[in-house]
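Trainee: Okay, handing you the structure first.
Read-outs: derived from the displayed coordinates by stated rules, not from any lab. The shown structure was predicted, so the numbers you read here are calculated from the model rather than taken from an experiment. We place every Cβ from the backbone using ideal geometry, glycine too, and count neighbours over all the protein chains shown.
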Amino acid sequence: MKMYSCILVDDETLAHELIEAHLSKIPNVEVVAKCHTAMEALAVLNQQAVDMMFLDIEMPDLTGIDFLRALEKPPYTIFTTAYSEYALQGYELNVVDYVLKPVRFDRFFKAVSKVLALLKEKEQAEIVPEAGKATSDYLFVKSDYKAVKVLYSDILYVESMQKYVRFHLKGKKPVVSLMSISALAELLPGSRFFRCQKSFIVNLDKIESIEGNQLVLFTGDKVPVSKHLKAELLTRVDRNGLL
């Protein structure tokens, strides 16, 4: 079982103890550091890669919000706070979840599950294609009793239709093929395509803008993106660390 690392950032020792108790029930997450200030956490993040961070907001010297804004590439972050009024700022900072103190285990587990799902999506995108998978600039699919060549560069997005998928193509008619979107996601190169929602895969190069929970393509087409996948998507497209 793969282990994922996390750090706790909270000025209250009791908060550390409660989160550690909750994490002890989740077998594949381990605490690598417990920090009482943002500066302690910064020292840890500068020394090692961390998968997720549990971050309090009201802390001395530097708030959790200001700390998160200052990080160029923060870990997947869950706010743990007693103050609900910061929820909107948390959304703007693309935190994965916002959990109010006192932290109940059921709510905590839901938040951690979101992070684990994002981490697994990221791992799948980084996997080098195995032998037998499409490794060129196209793939052939069965459509209307014939084999149709689909260029990766032509794909705008792919839509699931139960047992079928529909390829929406640039300047061409859609192509419908009998396969699951999960199987297709394994074939398409993760460096170019992103499964932004259960029923949609988008070509990252075709995204013109991101508006709320919709991806607007250069053609004007709009594709939905799941809230729990938006942070990962922003990480994928923000090559210069500007978002």
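Trainee: Please compare each pair in LYS120/LYS173; LYS2/LYS170; LYS163/LYS206; LYS114/LYS222 to a cut-off of 28 Å on the Cα-Cα distance and tell me which ones are over it.
Mentor: Distance filter (> 28 Å) returns LYS120/LYS173; LYS2/LYS170.
Trainee: Here's a follow-up. Quick one: check the C-alpha center-to-center distance for segment 191-229 versus segment 59-73, whole angstrom.
Mentor: If you average the Cα positions of each part, the centres end up 29 Å apart.
Trainee: Calculated from DSSP H runs of 4 or more alone, at -39500 (n - 2.57) each and per residue, what is the 222 nm mean residue ellipticity of the chain, nearest 500?
Mentor: Helix contribution divided over all residues of the chain: -9000 deg cm²/dmol.
Trainee: Could you compute how fast segment 34-109 diffuses translationally, taking Rh as the Kirkwood radius over C-alpha pairs and applying Stokes-Einstein at 4 °C with viscosity 1.567 mPa s? Give it in µm² per second.
Mentor: Approximately 102 µm²/s, per Stokes-Einstein.
Trainee: Which one, VAL112, VAL150, SER24, is farthest towards the positive end of the dipole of the chain when Lys and Arg carry +1 and Asp and Glu -1 on their Cβ?
Mentor: Farthest towards the positive end: VAL150.
Trainee: Can you give me the angle between helix 105-126 and the longest principal axis of the chain, using Cα atoms only, in degrees from 0 to 90, rounded to the nearest 10?
Mentor: 40
Trainee: Dividing the Cα radius of gyration by the Kirkwood radius, what Rg/Rh value follows for the chain?
Mentor: 1.04
Trainee: Another question about this same structure. Put +1 on the Cβ of each Lys and Arg and -1 on the Cβ of each Asp and Glu in the chain; which of GLN48, MET3, PRO224 then has its Cα farthest toward the positive end of the dipole?
Mentor: PRO224
Trainee: Rg/Rh for segment 138-237 to two decimals, with Rh computed the Kirkwood way over all alpha-carbon pairs.
Mentor: 0.95
Trainee: In debye to the nearest 20, how big a dipole does the chain give about its Cα centre with +1 on each Lys and Arg Cβ and -1 on each Asp and Glu Cβ?
Mentor: Dipole size: approximately 1620 debye.
Trainee: So how tilted is helix 227-237 from the main axis of the chain? Cα-based, degrees 0 to 90, rounded to 10.
Mentor: With both axes taken from Cα atoms, the answer is about 80 degrees.
Trainee: Given a Förster distance of 22 Å, report the FRET efficiency between SER24 and ALA49 from their Cβ-Cβ distance, rounded to the nearest 0.05.
Mentor: 0.45
Trainee: Please give me the summed charge of the neighbours of CYS35: other residues whose Cβ is under 11 Å from its Cβ, Lys and Arg +1, Asp and Glu -1.
Mentor: -3
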